[in-house]
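Right, one structure below, let's go through it.
The values are calculated or read from the model by the stated rules, or taken from the named source; none is laboratory data. Just so it is clear, the model here is predicted, and its values are computed rather than measured. Virtual Cβ from ideal backbone geometry, glycine too; neighbours counted across all protein chains shown.
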């Protein structure tokens, strides 16, 4: 039960110091734009790259967005581009009467080592190492580099596997010192993805699942050390940079905006609703309106929703700013059926079904809802709905925009429920229903899923659980029941 209760506490508390549950909130930031980023060169452990003016401005914006949070320590990679980013953030955090947290450097936050590629442009790597580059794109954990040694021999080196081991070492060494703290990590794209993956039990094959933009913010909530339950509160927030959604990666095939419906009164009361058709409350209508404003300038080509009142109304509010889009409904996107739990509060469920609620909170994949569904059934119909949507989605981008040589991605809005969204995210990340609680989905949140190489290719979770349009960096939406 600690797993679920911890996350409910962290979702509503302004500080992880509140309450009696020991937890560690970790804020991850990728360094600002660097000279090698602009030149499209491989950086890795190479330390020749420095921040651009835009990179320094982005670091300043990160500091401003985090000012006032109870950050007790900053850990940074010692490489120049990360070090300068951390120093700028620390300086901003110490302004306006606040105290700057301590700043220390860790070699375990350095970027991935790609010794044969570092300093080359991505085009040069693709031209000189075509097979390896394709493996890097499609199966990065299998990439092997034969590195010459001083004695004339060759070392076989697996860069991604080594980076995962580095990330695990950082968590094991650092988390025990920060129970009940909020800490900030400033590092790089590759190591940040490994830190996230290692935290949630994703193996090295999932290296490309999550994206990290320059100065993007990600937030993880740990219940203890590595291996204990952890929640991804958000991944790759960029609204503080003036980018509501992170920019798509080229080539731009398809983009999906996954939205959880706004709050209902039963969410507020923490009453299990499941497939009882509860409408949005006033706060839920406000959240949906804020999501509509947030997505107002984002082109939307198609929209699909669960037919239940709360997501349908959320979708309709968002689409008021996109009048040319017809809302489609899919029964497979309905919320989980809680059966005899529906309409009940937690204490009522515990009284009527002793021990089952605790099991749902710790091992959800093992629970059969009385006269309702189990998580595998929800998983199966969610995947069916997703594959149906994918099958009707063009592989190529929408018509060109003036600022893009690739056009823009074909963009589909999908509005559903907490359990459906969580199951889908587990599936897209290559995980199982056991990891269901690791993914946060706040009321009115937006998650960005891209298929840069077409819908037959691998998905990229470009951003997770964006709630900046609802009040700052942290997710302050109601915890609520499903």
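Below, the figures for the structure above:
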| quantity | calculated |
| --- | --- |
| Any hit, the stretch 86-108, residues being free of Cβ contacts under 8 Å to residues at least 12 places away in the same chain, touching a strand residue (DSSP E or B) at 6+ places or on another chain (Cβ under 9 Å) and part of a loop (DSSP other than H, G, I, E, B) | yes |
| Enumeration of residues in the stretch 320-356 that are touching a strand residue (DSSP E or B) at 6+ places or on another chain (Cβ under 6 Å) and buried (at least 20 other Cβ atoms within 10 Å of the Cβ) | 333 |
| All positions within the stretch 115-133 that are touching a residue at least 24 places away in the same chain (Cβ under 8 Å) and either assigned to a helix (DSSP H, G or I) or within 20 Å of residue 156 (Cα to Cα) (or both) | 115, 116, 117, 118, 122, 123, 125 |
| Condition broken by residue 151, with the remaining ones in (1) free of Cβ contacts under 8 Å to residues at least 40 places away in the same chain; (2) farther than 16 Å from residue 31 by Cβ; (3) in the same structural domain as residue 87 (by TED's automatic domain parsing) satisfied | (3) |
| Tally, over the stretch 166-182, of residues that are surrounded by 14 or more Cβ atoms within 10 Å (Cβ to Cβ) and in a helix (DSSP H, G or I) | 9 |
| Pair list, Cβ under 6 Å, 6 or more apart: the stretch 267-284 residue in the same structural domain as residue 336 (by TED's automatic domain parsing), other residue surrounded by 17 or more Cβ atoms within 10 Å (Cβ to Cβ) and part of a helix (DSSP H, G or I) | 272/341; 273/266; 278/266; 280/310; 280/313 |
| Scan of the stretch 297-316 for residues that are buried (at least 22 other Cβ atoms within 10 Å of the Cβ) and part of a helix (DSSP H, G or I), ordered by number | 310, 311, 314, 315 |
| Yes/no for residue 193 being closer than 22 Å to residue 290 by Cα and either touching a strand residue (DSSP E or B) at 6+ places or on another chain (Cβ under 9 Å) or assigned by TED's automatic domain parsing to the domain that holds residue 301 (or both) | no |
| Meets criteria (at pLDDT 95 or above and either crowded, with 17+ Cβ neighbours inside 10 Å or closer than 18 Å to residue 46 by Cβ (or both)) for residue 147 | no |
| Single unsatisfied condition, residue 38 versus (1) without any contact (Cβ under 8 Å) to a residue 24 or more places away in the chain; (2) under 26 Å from residue 128 (Cα atoms); (3) touching a strand residue (DSSP E or B) at 6+ places or on another chain (Cβ under 7 Å) | (3) |
| Within the stretch 420-450, tally of residues that are surrounded by fewer than 24 Cβ atoms within 10 Å (Cβ to Cβ) and part of a helix (DSSP H, G or I) | 9 |
| Flag for residue 62 being assigned to a helix (DSSP H, G or I), assigned by TED's automatic domain parsing to the domain that holds residue 105, crowded, with 24+ Cβ neighbours inside 10 Å and touching a strand residue (DSSP E or B) at 6+ places or on another chain (Cβ under 7 Å) | yes |
| Residues satisfying the stated conditions in the stretch 120-130, i.e. over 19 Å from residue 141 (Cβ atoms) and crowded, with 16+ Cβ neighbours inside 10 Å | 120 |
| Of the criteria (1) buried (at least 18 other Cβ atoms within 10 Å of the Cβ); (2) under 29 Å from residue 175 (Cβ atoms), which one residue 80 fails | (1) |
| Lone qualifier among 160, 154 - being surrounded by 14 or more Cβ atoms within 10 Å (Cβ to Cβ) and either within 22 Å of the chain's Cα centre (by Cα) or farther than 30 Å from residue 453 by Cα (or both) | 160 |
| Flag for residue 220 being part of a strand (DSSP E or B), closer than 30 Å to residue 392 by Cβ and in contact with a helix residue (DSSP H, G or I) (Cβ under 7 Å, 6 or more places away or on another chain) | no |
| Of all residues making up the stretch 2-52, the number that are at negative phi, assigned to a loop (DSSP other than H, G, I, E, B), surrounded by fewer than 19 Cβ atoms within 10 Å (Cβ to Cβ) and at pLDDT below 95 | 8 |
